[in-house]
Amino acid sequence: MILVNQGEAAKIYLDPKAKEYDGLRRVAGSFAEDINLVTGATPEIITRIEQLSSTAVIAGAIGGNDLIDTMIAAGKLDVSSIRYKRECYIIRLVEQPVDGVDQALIIAGSDKRGTIYGMYNISEMIGVSPWVYFADVLPEKKPLLETS
């Protein structure tokens, strides 16, 4: 899935009804800025399903994000490896997770902290060091950001 191509970034969806929304919103903003550091494009953080387009990032905790819970119930997302655990996450590419979305990168946490760890793990995978904020360690610029 292409996260960023030619300045266009996939949107990041968070469920505004989730009890962990405030914390995830803050981290999603940080995650979006990390993507901007690498590509120059900042993903929009959205909270309405109608705003989703052909590709998206969907982040949330099991039981705290309606889209993630719907995918689990439909058998599109297997969370058995992290269910009933603490501070765990999975990152999966799901084809046609909901109507109108061709592909989505799902960051599903067993809880709020697990979801946060998942988002920061992707930041690390795209080349953003935790030291970017403490020692100005800037990542290599890339015009195309793609997951597999």
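The values are calculated or read from the model by the stated rules, or taken from the named source; none is laboratory data. Since the structure is predicted, the reported quantities are computational estimates derived from the model, not experimental observations. For neighbour counting, all protein chains shown are included, and Cβ atoms are generated from backbone atoms with ideal geometry for every residue, glycine included. Ligands, DNA and RNA are stripped out before the accessible areas are found, and what is left, the full protein with its side chains, is counted by its heavy atoms. Shrake-Rupley method; radii C 1.70, N 1.55, O 1.52, S 1.80 Å.
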Is it the case that some residue within the range 51-73 is at negative phi, open to solvent by 70 Å² or more (accessible area, probe 1.4 Å) and part of a loop (DSSP other than H, G, I, E, B)?
no
Output yes when any residue across the range 1-13 is touching a strand residue (DSSP E or B) at 6+ places or on another chain (Cβ under 6 Å) and either assigned to a helix (DSSP H, G or I) or farther than 26 Å from V132 by Cα (or both), and no when none is.
no
Here is a check on your reading of the model: is R86 open to solvent by 60 Å² or more (accessible area, probe 1.4 Å), touching a helix residue (DSSP H, G or I) at 6+ places or on another chain (Cβ under 8 Å) and free of Cβ contacts under 8 Å to residues at least 60 places away in the same chain?
yes
Test of understanding: among P143, P130, P139, P43, which residue is farther than 23 Å from K19 by Cβ and free of Cβ contacts under 8 Å to residues at least 12 places away in the same chain?
P130
Test: residue in the range 140-147 that is modelled with pLDDT under 95 and within 15 Å of I58 (Cβ to Cβ)
yes
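This table checks each residue for (1) open to solvent by less than 30 Å² (accessible area, probe 1.4 Å); (2) more than 17 Å from V4 (Cα to Cα).
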| residue | (1), (2) |
| --- | --- |
| D99 | no, yes |
| Y117 | no, yes |
| M125 | no, no |
| P139 | yes, no |
Which of the residues spanning the range 101-147 are within 21 Å of G40 (Cα to Cα) and polar (S, T, N, Q)?
N121, S123, S129, T147
Residues in the range 14-38 that are surrounded by fewer than 15 Cβ atoms within 10 Å (Cβ to Cβ) and touching a strand residue (DSSP E or B) at 6+ places or on another chain (Cβ under 7 Å) total 1
